[in-house]
Amino acid sequence: MADIVLDKVTKKYPDGSLAVSEVSIEIADGEFVILVGPSGCGKSTTLNMIAGLEDISSGELRIGGTRVNEKAPKDRDIAMVFQSYALYPHMTVRDNIAFPLTLAKLSKSEIAAKVDEASRILDLGQYLDRKPANLSGGQRQRVAMGRAIVRDPKAFLMDEPLSNLDAKLRVQMRTEISRLQQRLGTTTVYVTHDQTEAMTLGDRVVVLRGGHVQQIGSPQELYANP
Ligand code: ADP
Ligand code: ADP
């Protein structure tokens, strides 16, 4: 069953600009889908509509078979990772990762166990007492991913998560994200303007242009029919 379905989803901003126009995509459970295309083609708007951070003007969005157009972000059971990491600077790594669990009012022991597991998966064990300012870019990105995975969300949404990293680290983190997604098997929608990331990271690539879907296919299919 498709896990995330966009059915002729359209976004018209109040100023009249048509950012996304009748975009239809069916994303299978556990699939890793990349949204790629030049700046301004509608990638972030599409991702933000899936997250519930932007209203949908027309069309329908379903997650796990349920229409979610009107659901608040917190009721969609998805986790988002941003380019800017959006970590809380005054909190330690441990508290940043634990934050969604604290909000969800889990017990202290449950929180400790989940933070422990996430920090092991992401190799953050030795940094748990540091604050974000004292971490490298790659470590910060891992903390942001830790905060996303602790809640076992139904899907991950990632908006250019690697674009603040230098080239070498980008390649390394690409491999790590790929491994993490395979290990957890969580449906992932990943936005990038980087062709290499698009062709190496995803099961399927959606090429957007001017708010429309230009092409959808596996990286192999898109290589064969560029
Ligand atoms: P991308 O992520 O591919 O760079 P965006 O989804 O950010 O593209 O933007 C798609 C289009 O919508 C662009 O033309 C952009 O200028 C426009 N847009 C984005 N946000 C707004 C907004 N808040 N108000 C009006 N237009 C917007
Ligand atoms: P939401 O509104 O997404 O349900 P919260 O209101 O609890 O969740 O805030 C979490 C969001 O706050 C994060 O997604 C992040 O974008 C943003 N955020 C993270 N760190 C900071 C910070 N130091 N200052 C302000 N906002 C932050």
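So here's what we get for this one:
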read-out	value
Unmet criterion (only one of (1) farther than 19 Å from Pro161 by Cβ; (2) within 16 Å of ligand 1 (Cβ to nearest atom); (3) touching a strand residue (DSSP E or B) at 6+ places or on another chain (Cβ under 7 Å)) for Asp55	(3)
Residue within the range 38-58 that is on the phi < 0 side of the Ramachandran plot and assigned to a strand (DSSP E or B) present	yes
Some residue of the range 66-85 being assigned to a strand (DSSP E or B), at pLDDT below 95 and away from ligand 2 (no atom under 16 Å from the Cβ)	yes
Spans of helices (runs of 4 or more DSSP H) in the range 113-226 with at least 1 residues under 18 Å from Ile27 (Cα atoms)	167-184, 195-201, 219-224
Leading residue by the ranking (farthest from Val205 (Cα to Cα)) among those in the range 22-46 that are more than 8 Å from ligand 1 (Cβ to nearest atom) and surrounded by fewer than 19 Cβ atoms within 10 Å (Cβ to Cβ)	Glu22
Any pair with Cβ under 6 angstrom, 6 or more apart, that starts in the range 2-18 at a residue that is under 24 Å from Thr66 (Cβ atoms) and away from ligand 1 (no atom under 16 Å from the Cβ) and ends at one that is part of a loop (DSSP other than H, G, I, E, B) and not basic (Lys, Arg)	Asp3/Asp29
The one condition in (1) within 25 Å of Asp3 (Cβ to Cβ); (2) at pLDDT below 95; (3) surrounded by fewer than 19 Cβ atoms within 10 Å (Cβ to Cβ) that Ala144 fails to fulfil	(3)
Residue satisfying all of: in the range 86-96; at pLDDT 95 or above and among the aliphatic types (A, V, I, L, M); nearest to ligand 2 (Cβ to nearest atom) among these	Met91
When residues of the range 5-64 are limited to those that are among the polar types (S, T, N, Q) and touching a Lys or Arg at 6+ places or on another chain (Cβ under 6 Å), the one farthest from ligand 2 (Cβ to nearest atom)	Ser24
Test: residue in the range 63-80 that is buried (at least 18 other Cβ atoms within 10 Å of the Cβ), within 15 Å of ligand 1 (Cβ to nearest atom) and under 24 Å from Leu162 (Cβ atoms)	yes
The one condition in (1) small (Gly, Ala, Ser); (2) under 20 Å from Arg209 (Cβ atoms); (3) in contact (Cβ under 8 Å) with a residue 24 or more places away in the chain that Gly52 fails to fulfil	(2)
Among (1) without any contact (Cβ under 8 Å) to a residue 12 or more places away in the chain; (2) under 27 Å from Thr46 (Cα atoms) - the single one Ala113 does not satisfy	(2)
Hits in the range 86-107 (condition: in a loop (DSSP other than H, G, I, E, B) and crowded, with 19+ Cβ neighbours inside 10 Å)	Leu87
Which listed residue, of Thr196, Thr187, is among the β-branched types (Val, Ile, Thr) and surrounded by fewer than 18 Cβ atoms within 10 Å (Cβ to Cβ)	Thr196
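The values are calculated or read from the model by the stated rules, or taken from the named source; none is laboratory data. These numbers come from a predicted model, not from an experiment. No Cβ is skipped: glycine too gets one built from the backbone with ideal geometry, and neighbour counts run over all protein chains shown.
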